[in-house]
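Asks: Input: one structure, supplied below.
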Amino acid sequence: MTTNVFAKTTATVAAWNLATFEALDDDRIQRQAEGLGMLDAEVVTLVEIKNEDHIRKIAQHLTDDGVPYEYTFLEQSATGGTHAAMHIGVLYKQGVSVTNASLLDRSDLGNNNFRKAFVCDIEIDRFDFKLIGVHLKSGREASNQTIRDDQCRVIGEYITTLRGPADRNPDVLLMGDFNMIPGQDISNFHLLGGDDLMDFVSSWDLQERYSHILPSGRENLLDGFAISRRFSTEYIKGSLRLFPMHWAMGIGQARFRADVSDHLPFVASFRIRRARD
């Protein structure tokens with residue numbers, strides 16, 4: 001276990017959709033790295049990574065700016081179109097341990113147009129947890145919600161198996177682009193939470209907030225952040241927030257959507273000097 005690496009008692013864990021449906025060039029990647037530098041998180045789950053070169057360049061920009069970052073990336077099996085450029089990975093500061101990375105079997109429903117959940121084990125000082133990064137089926141039609149139900153059922157069953165026969169309650173962090181709106185996609189949330197094991201803190205703590213910037217200028221809360229119950233010894237209650245990256249970068253929403261991403265990151269803080277288990 002990694003110990004005594006960080007001269008602090010807490011760590012920041014974040015999630016961000018990079019929106020690679022837009023043309024991706026070196027300037028856009030540099031702006032994304034600039035935003036991540038302001039975020040300054042120990043661990044960031046990144047959604048819609050175009051390819052390994054994309055996340056490698058982001059990590060290199062951050063390292064060149066004086067804070068060494070590493071990454072773990074697994075390529076999805078999407079075969080064509082925009083879905084081929086939508087991968088999930090983890091960006092993390094040196095000293096964080098990321099192991100056992102895999103793509104969750106069946107979470108794409110055997111369809112290469114959907115994305116599998118990204119799973120790995122993370123240790124930050126004495127704080128260790130299972131990370132599940134997701135990018136579920138988009139769309140507001142009933143058929144889209146049915147597809148998400150099926151994806152959520154697979155991921156929820158996996159979360160339930162983590163509990164095991166000894167009725168354990170392991171530390172699990174579930175985050176990414178849920179493509180689910182609190183209060184509307186009720187069946188999605190129910191199935192994704194497994195055997196009622198997850199608290200969707202983004203639905204509770206971020207009411208009346210938004211993470212997704214629409215072309216029309218309207219917004220909604222499509223991204224999500226959930227923690228396993230009894231996480232109270234590590235999660236700092238009330239710390240989850242949306243990071244106003246466009247404001248930090250000094251640009252308006254429309255320009256941020258065009259030049260950086262159409263999503264804002266989630267950020268939460270956790271204690272790292274205690275081990276609940």
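The values are calculated or read from the model by the stated rules, or taken from the named source; none is laboratory data. Not measured: the values here are computed from a predicted model. Each accessible area value is taken on the protein alone, full model and side chains, heavy atoms only, with ligands, DNA and RNA left out. Shrake-Rupley method; radii C 1.70, N 1.55, O 1.52, S 1.80 Å.
Asks: With a 1.4 Å probe and all protein chains kept in place, how much accessible area does Ser269 have, in Å² rounded to the nearest 10?
Replies: It works out to around 30 Å².
Asks: Still on this structure, please answer the following. Could you run the Karplus curve 6.51 cos²θ - 1.76 cosθ + 1.60 with θ = phi - 60° over the range 181-188 and give me ³J(HN,Hα) per residue in whole Hz, x for Gly and Pro?
Replies: Along the range 181-188, the couplings run 9, x, x, 10, 8, 5, 5, 4 Hz.
Asks: Quick one: what are the phi-derived ³J(HN,Hα) couplings along the range 103-114, Karplus 6.51/-1.76/1.60 with θ = phi - 60°, whole Hz, x for glycine and proline?
Replies: Along the range 103-114, the couplings run 9, 6, 4, 6, 6, 9, 6, x, 10, 5, 7, 10 Hz.
Asks: If DNA, RNA and ligands are ignored and the probe is 1.4 Å, what is the ranking of Arg255, Arg241 by accessible area, most exposed first?
Replies: Arg255, Arg241
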